[in-house]
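See structure below.
The values are calculated or read from the model by the stated rules, or taken from the named source; none is laboratory data. Given the structure is predicted, the values throughout are model-derived calculations rather than measurements. Here Cβ is always computed from backbone atoms with ideal geometry, including for glycine, and neighbour counts include all displayed protein chains. Heads up: the accessible areas ignore ligands, DNA and RNA and are worked out on the full protein's heavy atoms, side chains in. Shrake-Rupley method; radii C 1.70, N 1.55, O 1.52, S 1.80 Å.
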Amino acid sequence: DAGITQSPRHKVTETGTPVTLRCHQTENHRYMYWYRQDPGHGLRLIHYSYGVKDTDKGEVSDGYSVSRSKTEDFLLTLESATSSQTSVYFCAISMNNEQFFGPGTRLTVL
Amino acid sequence: GESVGLHLPTLSVQEGDNSIINCAYSNSASDYFIWYKQESGKGPQFIIDIRSNMDKRQGQRVTVLLNKTVKHLSLQIAATQPGDSAVYFCAEKVPTGANSKLTFGKGITLSVRP
């Protein structure tokens with residue numbers, strides 16, 4: 001799993017509440033990614049980071065923000081969760097063009 | 001995790017047979033391809049990769065074939081086992097400088113019959 005952990009692994013929240021998901025890696029990788037996975041869509045890139053304080057948007061970034069204050073942590077925040085953000089969220093790191101994924105966080109927004 | 005398979009095509013094979021999983025990719029400029037396996041409730045797991053300057057690459061029990069003319073990628077699994085049951089999807093990378101961004105296919109569910 002390339003030393004990637006995600007927390008929490010499961011979360012149920014209500015519409016309108018803020019939610020922060022954490023991705024932690026232990027191997028000092030420069031590139032980190034947040035994806036969401038939904039039926040019929042495959043994995044879609046939300047945001048990615050190419051270094052501390054260096055982030056950029058992916059294809060489905062609306063409603064999400066990210067922060068990377070240190071190499072090992074990449075945080076994904078839903079400022080005001082909506083039901084359309086119910087999904088499974090995966091963090092990934094990049095190593096020699098390959099991407100390795102964390103175990104995922106299942107988020108349900110009621 | 002688990003809910004991805006509900007809307008995916010399914011390939012059913014007999015244990016011991018060979019499996020062939022196909023993927024059509026979208027961008028003729030893509031220069032790198034990966035096959036991933038995703039078991040229920042887990043994150044995608046790297047299986048094998050291939051660069052665009054190759055047309056075949058073999059791993060342990062798996063072979064990836066690349067046909068750039070028709071933008072087609074396939075994964076062959078020899079002597080399929082029950083543990084191979086999972087969702088499989090391909091990913092392609094278009095050269096965009098240093099950032100390694102991948103575009104993922106929707107996936108196919110492989111079901112192995114005992």
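Listing for the model above:
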| quantity | calculated |
| --- | --- |
| Every pair of residues 6+ apart whose Cβ atoms lie under 9 Å, when the first sits in the stretch A:4-22 and is closer than 15 Å to A:SER67 by Cβ and touching a residue at least 24 places away in the same chain (Cβ under 8 Å) while the second is β-branched (Val, Ile, Thr) and open to solvent by 70 Å² or more (accessible area, probe 1.4 Å) | A:ARG22/A:THR5 |
| Residues satisfying the stated conditions in the stretch B:7-40, i.e. in a strand (DSSP E or B) and within 14 Å of another protein chain (Cβ to nearest Cβ) | B:THR10, B:CYS23, B:ALA24, B:TYR32, B:PHE33, B:ILE34, B:TRP35, B:TYR36, B:LYS37, B:GLN38 |
| Members of the stretch B:61-114 that are in contact (Cβ under 8 Å) with a residue 12 or more places away in the chain, within 14 Å of another protein chain (Cβ to nearest Cβ), of a type in the set (Gly, Ala, Ser) and not in a strand (DSSP E or B) | B:GLY105, B:GLY107 |
| Residue in the stretch B:30-41 that is open to solvent by 40 Å² or more (accessible area, probe 1.4 Å) and in contact with a Ser or Thr (Cβ under 7 Å, 6 or more places away or on another chain) present | yes |
| Cβ-Cβ under 6 Å pairs, at least 6 apart or on other chains, the stretch A:88-102 side on the phi < 0 side of the Ramachandran plot, far side at pLDDT below 90 and not in a strand (DSSP E or B) | A:VAL88/B:GLY1; A:ILE93/A:ALA2; A:SER94/B:SER100; A:PHE100/A:ALA2 |
